[in-house]
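S.K.: Quick one: structure below, then a few questions.
The values are calculated or read from the model by the stated rules, or taken from the named source; none is laboratory data. These numbers were taken from a predicted model, which means no experiment stands behind them. No Cβ is skipped: glycine too gets one built from the backbone with ideal geometry, and neighbour counts run over all protein chains shown. Quick note on the areas: whole protein, heavy atoms, side chains included, nothing else; ligands and nucleic acids left out. Shrake-Rupley method; radii C 1.70, N 1.55, O 1.52, S 1.80 Å.
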Amino acid sequence: MALHLTNTLTRKKELFTPQNAQNVTFYTCGITPYDYAHIGNLRVMVVFDVLFRLLRQTYGESHVTYIRNFTDIDDKIIQRAHEMNQPPTDVAEKYIKVFHQNMQAMNCLDPTHEPRVSTSMQEIVEMVDALVASGYAYVAASGDVIYRTNRFPTFGQLVNRKLAEQQSGARVEVDSEKESAHDFVLWKANAKSATKMEQAFIPAKYGAKHFSAAGRPGWHIECSAMSKQLAGATLDIHAGGEDLQFPHHSCEIAQSEALSHKPLANYWLHNSFITVGGQKMSKSLGNFTTIPQALEQFPPMALRYWLLQTHYRKPVDFSPDAVKAAAKPAARLQKAIAAAQAMATAKGTPTEAFIAALNDDLNTSKALAELNKAAAELSAESAAEFLAMADVLGINAT
Ligand SMILES: [Zn+2]
């Protein structure tokens, strides 16, 4: 069976057909490095690392472009910079470095591109400028640039809400500069009271024609600008956590498609949450475990095994016991990998049953079962095949 993926846009499991099999393009929204990422973020990274590996296995290593961004200019980072009394760029750099170390420990492959807001400003400013010029955005009295959602009738299609329905339940706040409740900020102008840190990002040198204020981009615009720059108008796959469907991904679609008149992505993939005692894990609820904390408590491959036991579209409940239970089979696999490495003489390919499991909308639990079966039956003849399977799931010996 060829690869099938559940597309949030159509709510159906569809056959995956890339635009160009020589260059399959895939984008995942990355982290905002203002603090340590939590294991909800880890799930996104691990799930889509497996997809990246599967695509490389199918189309060839050099035929897949994976883009994952860093939101390194953001109000949360500026806030943190004030608290730490450090430049915002230093704060971002610190957490990006830790994130990279954590990804390496988890055996997640480096994406092909890791664009940052700070180095994509030209593309962002050009896109905001073009949206104002074409009437899809307006400049408010404060200097903020705001997207005009009424100009984009299918706004919110990813979550199957009609604009009218959304608006009946949402009112424009009294002091808002928005024409309509779902309008969102593309560019935040600096307030008169802006601190030095807030003034750090000045678009003057980027030559904006239709807005002038010094300031910084809103969150959504960066992904539209970066994916256009690195992958063209239409991505094959755009992925992220399910909480990004609305507003973030809905805003990305509105920004990009208003200008390109082409779909931003042909397949939209969303993974479900990590829960704690049935409640969503989040920074705001305070019930989170950071990735560094998790890596202190558990072996990386135990965490990886625990995450991949559950299908990506279903929630995973976190408890130390659940990860500890995954540590045993993970260690067994690691031992088998070390043994297979000593036996294998050439590079192998995964079994059909294993690939068929992953091709069925990334059925990682079934793929793990195939891998465990292969570990139990390991021989000199099957060693290379077994190693190839372990590699697609990103499970290593160390
Ligand atoms: Zn994004």
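S.K.: Could you look at the stretch 312-380 and say what percent of its accessible area is carbon and sulfur, using a 1.4 Å probe and all protein chains?
M.R.: The C+S portion of the solvent-accessible surface of the stretch 312-380 is 54 percent.
S.K.: Okay, next question. How big is the accessible area of GLU179 in square angstrom, nearest 10, if you roll a 1.4 angstrom probe over the protein chains?
M.R.: 100
S.K.: Here's something else I'd like to know. Which far-off residues, 5 or more places away or on another chain, put their amide H under 5 Å from the one on THR6, with H placed in the peptide plane?
M.R.: It is GLU14, by chain and number.
S.K.: In nanometres, what is the gap between the two model label sites at THR10 and MET343, each 7 Å from Cα along Cα-to-Cβ?
M.R.: Using points 7 Å along Cα→Cβ, the separation is 4.2 nm.
S.K.: Give me the count of lysine pairs in the stretch 18-274 whose alpha carbons sit under 23 angstrom apart, restricted to pairs 8 or more positions apart or on different chains.
M.R.: Lysine pairs meeting both conditions in the stretch 18-274 amount to 22.
S.K.: Here is a follow-up. Would you calculate a helix-derived [θ] at 222 nm for the chain, using -39,500 (n - 2.57) for each DSSP H run of n ≥ 4 and dividing by the full residue count, to the nearest 500?
M.R.: Only helices count here, giving -13000 deg cm²/dmol.
S.K.: So which aspartates and glutamates pass the test for LYS366, namely a Cα distance under 15 Å, with those fewer than 8 places away in the same chain ruled out?
M.R.: Leaving aside aspartates and glutamates fewer than 8 places away in the same chain, those within reach of LYS366 are GLU352.
S.K.: What residues have an amide H closer than 5 Å to that of ASN271, excluding those fewer than 5 places away on the same chain, when H is modeled at 1.01 Å from N in the peptide plane?
M.R.: GLY240, GLY241, GLU242
S.K.: So how much accessible area does LYS328 have, in Å² to the nearest 10, using a 1.4 Å probe?
M.R.: Here the accessible area works out near 150 Å².
S.K.: Ok, one more. Note down the nm distance, to one decimal, between modelled labels 7 Å out along Cα→Cβ at HIS210 and at GLU296.
M.R.: A separation of 5.0 nm, rounded to one decimal place.
S.K.: Could you give the accessible area per residue of the chain, probe 1.4 Å, as a whole number in Å²?
M.R.: Ligands and nucleic acids excluded, the result is 44 Å² per residue.
S.K.: OK, next. Take every DSSP beta bridge with both residues inside the chain and express the antiparallel ones as a percent of the total, to the nearest 5.
M.R.: 45
S.K.: If the reach is capped at under 19 angstrom between alpha carbons, list the aspartates and glutamates near LYS324, excluding any in the same chain fewer than eight residues apart.
M.R.: GLU296
S.K.: Can you find, among SER319, SER365, ALA258, the residue sitting farthest towards the positive end of the charge dipole of the chain, where Lys and Arg contribute +1 and Asp and Glu -1 at Cβ?
M.R.: The listed residue farthest towards the positive side: SER319.
S.K.: Here is a follow-up. Assign unit charges at the C-beta atoms only (+1 for Lys and Arg, -1 for Asp and Glu), then state the dipole size of the chain relative to its Cα centre in Debye, rounded to the nearest 20.
M.R.: 300
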